[in-house]
1. Hey, among the residues in region B:154-183 that are outside any helix (DSSP H, G or I) and within 21 Å of B:I70 (Cα to Cα), which one's farthest from the other protein chains (Cβ to nearest Cβ)?
2. In region B:36-55, which residue that is of a type in the set (A, V, I, L, M, F, W, C) and more than 9 Å from every other protein chain (Cβ to nearest Cβ) is nearest to A:G69 (Cα to Cα)?
3. When you go through (1) over 17 Å from A:V127 (Cβ atoms); (2) in a strand (DSSP E or B) one by one for A:L8, which number turns out not to apply?
4. If a residue must be closer than 16 Å to B:F197 by Cβ and not hydroxyl-bearing (S, T, Y), how many such residues does region B:266-292 contain?
5. Return the residues of region B:298-319 that are outside any strand (DSSP E or B) and in contact (Cβ under 8 Å) with a residue 60 or more places away in the chain; say none if nothing qualifies.
6. Checking A:Y9 against (1) within 10 Å of chain B (Cβ to nearest Cβ); (2) touching a strand residue (DSSP E or B) at 6+ places or on another chain (Cβ under 7 Å); (3) hydroxyl-bearing (S, T, Y), which single condition isn't satisfied?
7. Can you find, within region A:9-44, the residue that is surrounded by the most Cβ atoms within 10 Å (Cβ to Cβ) among those that are under 20 Å from A:G66 (Cα atoms) and among the hydroxyl-bearing types (S, T, Y)?
Amino acid sequence: MTRKSLTLYGRKVVGGVAEGEALVTHDTISGWGGVNPMKGTIIETRHELHGQSFQGKVLVFPGAKGSSGWSGAFHLARLTGMAPKALVFNEMTTKIALGAVVMRVPAVTGFDRDPLSVIQTGDWVRVDGDRGTVEVLKSARPPGDEPADQPGDQPGDELRTATAHDVDLVEHPAGLAPDKA
Amino acid sequence: MKLTDAERAMLDGREGKAKQKAMELLVRYAEALGAERFTIATNVAGVPGTYTPFLFNYYGATRENAYDLIYSLFDLDSDEVVEVPQVSVHSCHLQGGVDPEGWEILGAKPEALQASRDSERAAGSKGIEILKTCAPYLAGNEPARGEHCAWMESSAIVYCNSVLGARTNTEGRESTSAAMLTGRIPDWGLHREANRFASHRIHVEVEVESLMDWGMLGYFTGARVGERIPVLTGRYSRPDVIRHKHFGAAAASSGGVELYHLVGVTPEAATLEAALGPSPSAEVIAYGKAEQRRTYEDLNSRASDPNVDYVMIGCPHAALEQIEEVCRLLDGKRISSNCNLWVFTSRAVKAVADSRGLTQTIRSAGGAVLTDTCSAIGQALPPGTRVAALDSAKQTHYLPAIMGIQAWFGSTRDCIAAALTGRWNGVPP
């Protein structure tokens, strides 16, 4: 398997280190009303990722839009164990800053290169919030070949040794309540 | 970050544990933004300390400790529970999930009503005004021009900035709850004059007059400018409060518009030059007949079944004039037995509607006037609802996604006609 690694340099939004499979979208993401925090899925009708899960993924996206319930929705996703592992985004807004803070996941923005054109869904990505870096281990899959969304189908590679620093503070409460937020 | 002595005292815990936790959160938030200081916020609107059964159970709360517990652990994102003191600035509670009078119509459980009452009592005891509306500017909280605010609710934020000329970013539940205790919010974004100029110009080439016209224009504008600041020029007649409300709400749903300028209308746009500021290189986007038509079709792409079983008015919460219009359009008739009509508004507006007999008129027609919430926020629909008709682009944007139903968009007249006949017969622009 051929793998290429590259690093993007940006600035810290929230510190900590986490890594995982990238989920990339060119659409901005709405929080309240755009995601289901109980299931960790995008529910906005015409969204590129409609129906897909961001749980445990490194979410790579342009930025936040929509309701001021952005932070609340993603905060709730943290409590249900459905939050993304890290955030990589372009456009700084109050919604995304507060959301990243209360999700307590590493977040980086202000990159030297556009992460949306460099990172593809399925790439293994390591986000170092404190250093403001995003290491991208390109997926072995040919570009444009959309990987199937299979949890557990993660490349076992050398970068995974960093999971000790993972700031995954989420507990997974048993018996989650109804689909109401 | 540069902190004043007063802010340092709060952060160090000299003003009590709750203010310390609130400042800790605000510092984390300000640093995430890259803000260098705080501004003093004198008007805060949020949803402090409210809880769903999920949050209540998640934190193992009891009726006695729920408010402080959830305010601490969720709102302030604190790892320890603190005693929540009196708020230190003018603070109000926005919309909630349950109408305390019409809760049975909404299908709420008695436990949900109890939780809402408990939380409301606790919030009131901390000095928080219980307005329970997404349109606080129609219910007694109208900030002054230039006042620094910390508001939630995208439709209220865009109104606060654009129509009133006050200053707020889009705050969230956690930042508003922290601001209520500290009177501070990061000095970033729209708090700074230099960030309030337009970057995009929407040139309106088609007549924009009705409430539906303004909703569509807002929906188009948000989709085109995203988070940026538009200035509108061209053929529109001076909007009233309701048109502003629907335009801004739509623009904040399809995009993230927090501030818009209408030349000769809004307070920071006496002229096009004033709205554009020092770098007048705004991208010009035309809104003509074709764009209007496409926006209408886009909004109506979430429905195919003409049999309407639910009509909702009041997103954002209806003004008194809108309730009057519903009564006029009902014209003494009864709504279809296959259809429900719910009109959502604030308690303040409903009190006036009650005294005018408007609530009774709608009830006699088979509908209901409800407060505090809406179908999207309260996730409440009449049983069996499959197809809704809405006069709000914002509600059309959200409701089908949240509740998995179809929704038509049109004028208030189209919607009330659908309520009377049970059939959608919307008139395109």
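The values are calculated or read from the model by the stated rules, or taken from the named source; none is laboratory data. This structure is a prediction, so every number in the text was calculated from the model and none was measured. Cβ coordinates were reconstructed from backbone atoms using ideal geometry, including for glycine residues, and neighbour counts include every protein chain displayed.
1. Quick first cut of region B:154-183, residues outside any helix (DSSP H, G or I) only: B:163-172, B:183.
Now drop any that are not within 21 Å of B:I70 (Cα to Cα), which leaves B:171-172, B:183.
Details: B:E171: 6, B:G172: 3, B:G183: 17 Å.
Only one residue fits best here, namely B:G183.
2. Going residue by residue through region B:36-55, those that are of a type in the set (A, V, I, L, M, F, W, C) are B:38, B:40-41, B:44-45, B:47, B:54-55.
Within this subset, residues satisfying the condition of being more than 9 Å from every other protein chain (Cβ to nearest Cβ) are B:38, B:40-41, B:44-45.
On the way: B:F38: 22, B:I40: 23, B:A41: 20, B:V44: 15, B:A45: 13 Å.
Ranking the candidates gives B:A45 first.
3. Going through the list (1) over 17 Å from A:V127 (Cβ atoms); (2) in a strand (DSSP E or B), A:L8 breaks only (1).
4. Initial filter on region B:266-292 (closer than 16 Å to B:F197 by Cβ): B:266-284.
With not hydroxyl-bearing (S, T, Y) added as a condition, the list becomes B:267-270, B:272-278, B:280, B:282-284.
Residues flagged as closer than 16 Å to B:F197 by Cβ and not hydroxyl-bearing (S, T, Y) within region B:266-292 amount to 15.
5. Taking region B:298-319 as the starting set, the residues that turn out to be outside any strand (DSSP E or B) are B:298-306, B:308-309, B:319.
Across region B:298-319, the qualifying residues are B:D298, B:L299, B:N300, B:R302, B:A303, B:S304, B:D305, B:P306, B:V308, B:D309, B:A319.
6. (1)
7. Going through the qualifying residues, I end up with A:S30.
Each row is one residue, and each column tells you yes or no for (1) at pLDDT below 95; (2) away from every other protein chain (no Cβ under 14 Å).
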site: A:R104; (1), (2): no, no
site: A:V108; (1), (2): no, no
site: A:T161; (1), (2): yes, yes
site: A:G175; (1), (2): yes, no
